[in-house]
Amino acid sequence: MSDIAQRLQRVRERIQAAERRWERPAGSVQLLAVSKTRPADDIRAALAVGQKRFGESYLQEALDKIEALRGEPVEWHFIGRVQSNKTRAIAGNFHWVHSIDKLKQARRLSRQRPGGMPPLNICLQVKLDAEETKGGFEPDQVAAAVAEIGTLPGLRLRGLMTLPAPADDLESQRRPFRRLRRLLESLNADGAGLDTLSMGMSGDLEAAIAEGATMVRIGTAIFGPRNRPPAGQG
Ligand SMILES: *Cc1c(COP(=O)(O)O)cnc(C)c1O
């Protein structure tokens, strides 16, 4: 078995153990393998043992891999910063975008989604702690964004995503995830119909599952320490 297959197996076991510990239904947490900075061969190694969802942050690098793996049953998720001049390529090549943090980008993605493709699945990124520098909607802006995005024909709004600053202990890790879950619950109480909480990474997936994550985004625990990002992208 390849190193990647072994590490993937350990991540699956962590997810299953967390589902049991917090009485989540078996299989209720999906695994997104974050393959940014990794070569296409690493993705092939994970595909060979049944992993189909992959997350990418750097557009040009992602497009090269999408081309190299054309014909493979990959579901591509964009999780990086959505720059306005890149929305057309994102709209034409991905199944999901987790990192929408401006209405303007959502409108562009909807307009640019090719007509023959199903609507693009999206999550709104929400900023839940002061230390976070990665962008995202403020929690009190989310309801208005959800209302407008619900009217965009090229998009299917699935849920919320967050990327909190790393924390060491379980309780501190759980706090922002709990806030994201409560926000989703309040939107759904108003009829939003969202089914996705994209939260949890290699270091805090247990905390995220405890708080209701439906998709965890795991990079280093599957692929090992990351290579440097490609030059000029960030
Ligand atoms: C890189 C990245 C991850 C994966 O982080 P790991 O700590 O390597 O598991 C998850 N989400 C986003 C948005 C990322 O950029």
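Could you calculate the contour length gain from D41 to Q83, that is, 0.36 nm times the residue separation minus the distance between their Cα atoms, to one decimal place in nm?
Details: separation 42, 0.36 × 42 = 15.12 nm, distance 2.73 nm.
Computed gain between D41 and Q83 is 12.4 nm.
Packing-wise, with mean Cβ within 10 Å as the measure, how do 120-126, 43-49 rank, highest first?
With the highest mean Cβ count within 10 Å placed first, the list reads 120-126, 43-49.
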Among 206-219, 143-156, how do they line up from the highest to the lowest mean number of other beta-carbon atoms within 10 Å? 206-219, 143-156
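Within a 10 angstrom radius of the beta carbon, how do W22, W96 rank from fewest other beta carbons to most?
Working: W22 14, W96 23.
Ordered from fewest to most neighbouring Cβ atoms within 10 Å, W22, W96 come out as W22, W96.
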Residues of the range 98-131 with amide nitrogen under 17 Å from the 7 Å Cα-to-Cβ point of R226? 98-100
What distance in nm separates the two pseudo spin-label positions at D168 and L69, each 7 Å out from Cα along the beta-carbon direction? 3.6
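Calculated from DSSP H runs of 4 or more alone, at -39500 (n - 2.57) each and per residue, what is the 222 nm mean residue ellipticity of the chain, nearest 500? Working shown, then result.
Numbers: 9 runs with 92 residues, N = 234.
It comes out at -11500 deg cm²/dmol, rounded to the nearest 500.
If packing is taken as the average count of other Cβ atoms within 10 Å, what order do 76-82, 4-10 fall into, highest mean first?
Working: 76-82: 23.0, 4-10: 16.6.
Result, highest mean first: 76-82, 4-10.
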How big is the charge dipole of the chain about its Cα centre, in debye rounded to the nearest 20, if each Lys and Arg gets +1 on its Cβ and each Asp and Glu gets -1 on its Cβ? 580
Please compute the contact order of the chain in relative form: average sequence separation of alpha-carbon pairs under 8 Å and at least six residues apart, divided by the residue count, as a percent. 21
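Readers should treat all values here as calculations from the given coordinates under stated rules, not as data from a laboratory. Computed from a predicted model, the values in this text were never measured in an experiment. In this analysis, Cβ positions are derived from the backbone assuming ideal geometry, glycine residues included, and neighbour counts consider all displayed protein chains.
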